[in-house]
Amino acid sequence: MARELFAALFLLIVFAVAPAQASLYVAVEDTDLVDQAELIARVRITDQRVDLVRGYPATFYAAVLEDVIKGEASGSVVEVRVPGGRGPLGRELVLHGVPEFDTGEDALVFLRANDDGSYRLLHLSQGAFLERQTAAGAVLVRPIEEPAQLVPAADGSGVELVAPARRSDRFAAWLRDRVEDRRRPADYFVAAAAVEESLFRASFTHLSKNLQLRWFEFDDLEDVPWFRHIDGQSGLKSKGTAEFKKALKAWGPGQTGAPIRLVDGGTTESTNDFSAPDGQNTIVFEDFNEVIGDDFDCEAGGFIAIGGISSYYVSERLYKDQAFSPIAEAEIIINDGVGCLFSESPKLAAQVYAHELGHTLGLGHACGDKNSPKCDSSELLNSAIMRAFAHGRRGAQLSDDDIVGARFLYDPDFFAVPCDLPPGHKKFCKRCGPCGEGQGSCKKNSQCLTGLVCNKNAGELFGLKPSTNLCTVPFD
Ligand SMILES: [Zn+2]
């Protein structure tokens, strides 16, 4: 009887948690984390440094081992390596979805050893919990918000809705038992109602804490091409081409009103991803350089994708009277093994690609991570494609919040280069546009502000040479 009940509960849990399958990670069960980790410990972060790993900047955090729960380390301090950081030669690699620690921060980490003697977080954000003090005592939260979920009640009386927070002491005790093969139900989740809003900090987020980043090419109406690795996305009919093109289009002027011109550049054989910059923005469909490290598995979950930017922080340009670092190159890495997930939902692939492209434009998460508000705090934020976890099968669809972000960084009314051409000049809209109503000359609709079209020989309407092509509202 008890076993039947457990089976029924298990089905319910799988069903209840299913929407989380659509996220940029798929939650790895705590039991799997324990089994897969080589070292589990409560740590305090005391220092950090950046070094190159296979050509890309990585941050090494010094973590003092305060309490080792599984495994053995050779000293009392280990280095935890995560991709991204400020490297040599003025180059900064900015990644999202990768946990960042503050010096002095307490954490619980699930680790695996790298070849260089350092450790990596198991499944990146899945292998890190940050300690927070609440009225209910010390709790552990993931750096990326998890949805509330149903779990079997610890007292065996059915199921309960729990917050994505784990009581520090109880979780540690449960982990210790599990390591010693004393298996028991989870008793460490905090009831959803008991968790305060303040677990996640509320503030507007750019992609990087240190830098404001943007492409300056769009100000001059230049395209930014994206190349697809020739192997393509496993699990999708078009090898991901159709889905990626939809994602590029989602950020375009037609949807956002911002002069964002991401275009498909075709295929490439480069698997450079975040290592030495090669001048190409590339989406790579397998994690060639092991930047993510642990493969995705449709049964056990894992990390899906990372979008990142290389910029040279030594070169700054002004935009709206603020210093911005021009983005030099961007890459998206899709993890190994994700094909099984995308084959069930090509729309999810388009959504993941569009989310990662949003990061490569300089946008952080709208909600749901350490630096942004909780997602259920506002419908506006919660509907954003830039929220920290994906929405079911919505596809590459932006919300108002995404559009606000896009238009903040790429303001259609802002031109970095003052226009040096007289109105009516045949290249006016190309160089000085997008053009407003009655401005010209234009060559195509995309040189006009959203809602306007390029009308051939319409100059007379606005007192210009009749042969001038002008941006106007569409004529019926
Ligand atoms: Zn993200």
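The values are calculated or read from the model by the stated rules, or taken from the named source; none is laboratory data. Bear in mind that the values here come from a model prediction, so they are computed numbers and not experimental data. Cβ coordinates were reconstructed from backbone atoms using ideal geometry, including for glycine residues, and neighbour counts include every protein chain displayed.
When you scan region 281-288, do you find a residue that is surrounded by 20 or more Cβ atoms within 10 Å (Cβ to Cβ) and touching a Pro at 6+ places or on another chain (Cβ under 8 Å), even just one?
Yes; the residues of region 281-288 include at least one that is surrounded by 20 or more Cβ atoms within 10 Å (Cβ to Cβ) and touching a Pro at 6+ places or on another chain (Cβ under 8 Å).
Okay, residues lined up against (1) part of a loop (DSSP other than H, G, I, E, B); (2) surrounded by fewer than 15 Cβ atoms within 10 Å (Cβ to Cβ); (3) of a type outside the set (Asp, Glu):
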| site | (1), (2), (3) |
| --- | --- |
| ASP402 | no, no, no |
| LEU421 | yes, yes, yes |
| GLY438 | yes, no, yes |
| CYS442 | yes, no, yes |
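For region 272-293, give me the residue count where each residue is assigned to a loop (DSSP other than H, G, I, E, B) and touching a strand residue (DSSP E or B) at 6+ places or on another chain (Cβ under 6 Å).
Residues flagged as assigned to a loop (DSSP other than H, G, I, E, B) and touching a strand residue (DSSP E or B) at 6+ places or on another chain (Cβ under 6 Å) within region 272-293 amount to 10.
Tell me which of these GLU331 doesn't satisfy, since it passes every other one: (1) surrounded by 22 or more Cβ atoms within 10 Å (Cβ to Cβ); (2) more than 16 Å from the ligand (Cβ to nearest atom); (3) of a type in the set (D, E, K, R).
The single condition GLU331 does not satisfy is (2).
Within region 80-91, how many residues are surrounded by fewer than 22 Cβ atoms within 10 Å (Cβ to Cβ) and within 11 Å of LEU52 (Cβ to Cβ)?
Matching residues across region 80-91 total 4.
In the set GLU344, GLU379, which member is among the acidic types (Asp, Glu) and within 24 Å of LYS249 (Cβ to Cβ)?
Going through GLU344, GLU379 in turn, just one is among the acidic types (Asp, Glu) and within 24 Å of LYS249 (Cβ to Cβ): GLU344.
For the structure I just gave you, tell me whether ASP297 is surrounded by fewer than 22 Cβ atoms within 10 Å (Cβ to Cβ) and under 18 Å from the mean Cα position of the chain (by Cα).
No, not satisfied.
Report, ordered by the first and then the second residue, all pairs with beta carbons closer than 9 Å, sequence separation of six or more or different chains, a first member in region 382-403 that is within 12 Å of the ligand (Cβ to nearest atom), and a second member that is among the basic types (Lys, Arg).
Final answer for the pair search is ILE385/ARG394.
Do we find that PHE296 is in the same structural domain as ALA328 (by TED's automatic domain parsing), away from the ligand (no atom under 16 Å from the Cβ) and on the phi < 0 side of the Ramachandran plot in this structure?
For PHE296, the condition - in the same structural domain as ALA328 (by TED's automatic domain parsing), away from the ligand (no atom under 16 Å from the Cβ) and on the phi < 0 side of the Ramachandran plot - is not met.
Can you tell me which residue in region 92-110 is farthest from the ligand (Cβ to nearest atom), limited to those that are of a type outside the set (D, E, K, R) and surrounded by fewer than 22 Cβ atoms within 10 Å (Cβ to Cβ)?
GLY104
Could you tell me which numbered condition PRO412 fails, if it satisfies all but one of (1) within 15 Å of the ligand (Cβ to nearest atom); (2) under 18 Å from LYS249 (Cβ atoms); (3) in a loop (DSSP other than H, G, I, E, B)?
PRO412 satisfies all of (1) within 15 Å of the ligand (Cβ to nearest atom); (2) under 18 Å from LYS249 (Cβ atoms); (3) in a loop (DSSP other than H, G, I, E, B) except (1).
From GLY364, GLY368, which residue is within 15 Å of the ligand (Cβ to nearest atom), closer than 18 Å to HIS96 by Cα, outside the structural domain of LEU140 (by TED's automatic domain parsing) and in contact with a His (Cβ under 7 Å, 6 or more places away or on another chain)?
Unique residue meeting the criteria: GLY364.
Considering only residues that are touching an Asp or Glu at 6+ places or on another chain (Cβ under 7 Å) and hydroxyl-bearing (Ser, Thr, Tyr), look in region 282-313 and name the one that is farthest from GLY97 (Cα to Cα).
It comes out as TYR313.
Here are some conditions: (1) of a type in the set (Val, Ile, Thr); (2) within 20 Å of the chain's Cα centre (by Cα); (3) assigned to a loop (DSSP other than H, G, I, E, B); (4) modelled with pLDDT under 90. ILE309 meets all but one. Which one does it not meet?
Of (1) of a type in the set (Val, Ile, Thr); (2) within 20 Å of the chain's Cα centre (by Cα); (3) assigned to a loop (DSSP other than H, G, I, E, B); (4) modelled with pLDDT under 90, only one is false for ILE309: (3).
Among the candidates LEU341, LEU363, single out the residue that is touching a helix residue (DSSP H, G or I) at 6+ places or on another chain (Cβ under 8 Å) and either within 23 Å of VAL263 (Cβ to Cβ) or free of Cβ contacts under 8 Å to residues at least 24 places away in the same chain (or both).
Result: LEU363 is the single residue among LEU341, LEU363 that is touching a helix residue (DSSP H, G or I) at 6+ places or on another chain (Cβ under 8 Å) and either within 23 Å of VAL263 (Cβ to Cβ) or free of Cβ contacts under 8 Å to residues at least 24 places away in the same chain (or both).
Is at least one residue of region 41-53 in contact (Cβ under 8 Å) with a residue 60 or more places away in the chain, crowded, with 16+ Cβ neighbours inside 10 Å and on the phi > 0 side of the Ramachandran plot?
no
If SER325 satisfies every condition in (1) of a type in the set (Ser, Thr, Tyr); (2) in a loop (DSSP other than H, G, I, E, B); (3) touching a residue at least 12 places away in the same chain (Cβ under 8 Å) but one, which is the exception?
The number of the failed condition is (2).
Considering only residues that are surrounded by 16 or more Cβ atoms within 10 Å (Cβ to Cβ) and not aromatic (Phe, Trp, Tyr), which ones fall in region 111-122?
LEU111, ARG112, ASN114, SER118, ARG120, LEU121, LEU122, listed by residue number.
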